[in-house]
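Read-outs: derived from the displayed coordinates by stated rules, not from any lab. Quick caveat, the model's predicted, so the values are computed rather than measured. Note: ideal-geometry Cβ built from the backbone for every residue, glycine included; neighbour counts use all protein chains shown.
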Amino acid sequence: MRTSDFDYKLPLELIAQTPAEPRDSSRLLVVHRETGALEHRVFSAIGEYLRPGDVLVRNDTRVVPARLVGERPGTGGRVQALLLRQTAPGVWEALVKPSARLRAGAPIHFRPANGGDVVEASVEAVLAEGTRLLRFPPGVLPQYLGEVPLPPYITTPLANPDRYQTVYAREEGSAAAPTAGLHFTPRLLQELEDNGVEVVSVTLHVGLDTFRPVRHDDPREHGIHTEHYTLAPEAADHLTQAAAEGRRIIAVGTTSVRSLEDAVRRSGWQPGLPRAQQPSVQAYTGPTSLYLLPGSPFLTVDGMITNFHLPRTTLLMLVSAFAGRELMLHAYVEAMRLRYRFYSFGDALLLM
């Protein structure tokens, strides 16, 4: 297995610059894992593939306004920072540019996006991955100094920042949106619940690996970045009951997949054991570095809603682990031929 096995060339004009309106009008490519068949639908029809008793697991994280613009005092040099996660009170891990000149102890002046007094932060440490720890003054909430960050491949300004949030976003803490959930509308979710689909929430705050391609030739040498998630006791109970009753679990996005698969592994689930015989799913709050590559077992997820992912990324590897690399690359080639829209504001896939 090589990282180049997960590469493809995307025409730039297929990178979606604006979200679909309404949200559920995006296209939906349905991929049937057992037969390899592809269907071309609209996302609003996704309920036709779900049945009463299915459990739809979504990630209710909310993107914080974590893109900050500042300057280096004395030189006036421009500094950009993307807050990734809080590591201690007043201390945030961040991606910064230009990084070479921002060594430990360097001050940075940030001005709130909506105006106000300058806030002085400082580089507390340089981490091995190239990120920085930034320390902010006591009482300052740095995520409210900035703007909602969009991925670098989106160059069109977003008129409404809420369009980069899911309609059910609740728990602040992400550096990027769990984009598979952007296709849902309140009406569509209500229709699914009215038809007997159970909706359960987890919270995983999206961090650094959303922005970092795999650079090793062998993807098994890649060190995946830790992300934090919460599976609440109520959600764990719902999943335990669903497993005992043989009901399907459909994950909305790779972040929900990682949360579910990490949680059941921590609960003692074993490959090959029927779900009804697996231990109860346990609630959990903490980090995960679960890395799912082709050959990794999926213990709890029966279906996955996802977007089209960048080449050579852990996300493309995860969906390839679930549906098979050859089938996924075939689906991507077909999607490009039919001019599907790719990446965060692009169209969706349903892997069943």
What is the angle, in °, between the Cα long axis of helix 314-323 and the longest principal axis of the Cα atoms in the chain? Nearest 10 is fine, range 0 to 90. 0 degrees
Quick one: Karplus J couplings for the range 19-29, per residue in order, coefficients 6.51, -1.76, 1.60, θ = phi - 60°, nearest Hz, x for Gly and Pro? x, 5, 10, x, 4, 8, 8, 5, 6, 10, 9
Extension length gain for R163 and R101 (0.36 nm per residue less Cα distance), in nm, is 18.9 nm
Explain nothing, just compute: Karplus ³J(HN,Hα) = 6.51 cos²θ - 1.76 cosθ + 1.60, θ = phi - 60°, for every residue of the range 179-193 in order, whole Hz, x for Gly and Pro. 5, 4, x, 5, 7, 7, 10, x, 5, 5, 4, 5, 4, 5, 5
For L56, residues with placed amide H under 5 Å, excluding near neighbours: E198, V199, V200, I250
Which of K97, K9 comes first, and how do the rest follow, when ranked by fewest Cβ neighbours within 10 Å? K9, K97
Counting Lys and Arg as +1 and Asp and Glu as -1, each charge on the Cβ, what is the dipole of the range 67-144 about the Cα centre in debye, to the nearest 20? 220 debye
Projected label distance in nm at R41 and H216, using a 7 Å step from Cα toward the beta-carbon: 3.8 nm
If you average the sequence gap of Cα pairs under 8 Å that are 6 or more apart and divide by the length of the range 62-114, what percent do you get for the contact order? 35 percent
Taking the beta-carbon count within 10 Å as an exposure proxy, list Y8, Y168, Y340 from fewest neighbours to most. Y8, Y168, Y340
Quick one: W269, W92, fewest Cβ neighbours within 10 Å first, how do they rank? W269, W92
Angle, helix 233-244 long axis vs. longest principal axis of the chain, Cα atoms, 0 to 90°, nearest 10? 30 degrees
Within the range 1-44: backbone nitrogen closer than 18 Å to the T155 label point (7 Å, Cα to C-beta): 10-19
With Cα atoms, 0 to 90° folded angle of helix 325-337 axis to the chain main axis: 80 degrees
Name the long-range amide H neighbours of L84: under 5 Å, sequence gap of 5 or more, or other chain; modelled H, no Pro or chain starts. E93, A94, L95
Taking amide H atoms as placed 1.01 Å from N in the peptide plane, list the residues 5 or more away in sequence, or in a different chain, whose amide H sits under 5 Å from that of F342. I15, A16, D347
Rounded to the nearest 0.05, what FRET efficiency do E193 and A232 give with R0 = 22 Å and r taken as the Cβ-Cβ distance? Could you check? 0.75
Which loop trypsin sites (Lys or Arg not before Pro) in the range 47-151, with loop taken from DSSP, have no more than 16 other Cβ atoms within 10 angstrom of their Cβ? R101, R103
What length, rounded to one decimal in nm, is gained on full extension from L127 through to Y144, with 0.36 nm per residue of separation minus their alpha-carbon distance? 3.7 nm
Once you keep just the Cα pairs under 8 angstrom separated by 6 or more residues, what percentage relative contact order results for the chain? 24 percent
Note, ³J(HN,Hα) from phi for the range 59-76, Karplus 6.51, -1.76, 1.60, rounded to Hz, x at Gly and Pro: 9, 9, 5, 10, 6, 8, x, 9, 9, 10, 10, x, 8, 8, x, x, 9, x
Please tell me the relative contact order of the range 164-275 in percent, rounded to the nearest whole number, where contacts are Cα pairs under 8 Å and at least six residues apart. 26 percent
